[in-house]
Amino acid sequence: MTTNSDTNVTLGELKERIASFAKARDWEQFHAPKNLAMALASEVGELMEHFLWSDNLESRQLLEDSDKRTQVAEELADVLIYALRFADVTGLDATKAILAKMERNEERYPIEKAKGSSAKYNEL
């Protein structure tokens with residue numbers, strides 16, 4: 001038996017599952033890009049809330065608690081679901097967008113300038 005994971009489920013399969021879920025509930029009417037972007041921002045806020053007022057070490061330790069880890073995983077799932085739904089509704093290819101952005105980031109943040117630095121590309 002194969003367990004579904006990042007290594008064997010494609011973004012396309014996830015987008016199809018999310019679209020099917022929305023269609024079965026007649027939610028497509030609500031899934032305009034504006035609404036999905038706002039829902040995505042809201043879910044990111046809920047994810048961030050788990051780490052509010054914690055320092056770097058505390059934020060890592062929080063994930064050692066299984067109940068908190070489950071809650072954080074659920075918020076991450078909501079963020080990813082809305083991001084993939086946004087990509088699907090707008091006709092954006094998430095994989096192409098990510099790979100293109102990584103290429104641009106590699107140009108903006110060359111290792112010799114960016115390694116160990118948190119400075120923005122225009123400040124390196």
I'm checking my understanding of the structure. Among residues of region 78-105 that are more than 22 Å from Gly45 (Cα to Cα) and of a type in the set (Lys, Arg), which one is farthest from the chain's Cα centre (by Cα)? Arg104
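Table: residues versus (1) assigned to a helix (DSSP H, G or I); (2) surrounded by 12 or more Cβ atoms within 10 Å (Cβ to Cβ).
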{"residue": "Phe51", "(1), (2)": "no, yes"}
{"residue": "Gln71", "(1), (2)": "yes, yes"}
{"residue": "Ala77", "(1), (2)": "yes, yes"}
{"residue": "Ile81", "(1), (2)": "yes, yes"}
{"residue": "Arg104", "(1), (2)": "yes, no"}
{"residue": "Ser118", "(1), (2)": "no, no"}
List the number of the failed condition for Leu124; all other conditions in (1) aliphatic (A, V, I, L, M); (2) loosely packed, with under 11 Cβ neighbours inside 10 Å; (3) at pLDDT below 95 hold. (2)
Which listed residue, of Leu124, Leu92, Leu84, is under 14 Å from Gly12 (Cα atoms) and in contact with a Phe, Trp or Tyr (Cβ under 9 Å, 6 or more places away or on another chain): Leu92
Tally time: how many residues in region 60-69 are loosely packed, with under 12 Cβ neighbours inside 10 Å and not in a helix (DSSP H, G or I)? 2
Against the condition surrounded by fewer than 10 Cβ atoms within 10 Å (Cβ to Cβ) and not in a helix (DSSP H, G or I), how does Leu57 come out, does it pass? no
Region 6-49: number of residues that are among the small types (Gly, Ala, Ser) and surrounded by 15 or more Cβ atoms within 10 Å (Cβ to Cβ): 3
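The values are calculated or read from the model by the stated rules, or taken from the named source; none is laboratory data. The model shown is predicted, which means the values in this text are computed figures rather than measured ones. Cβ coordinates were reconstructed from backbone atoms using ideal geometry, including for glycine residues, and neighbour counts include every protein chain displayed.
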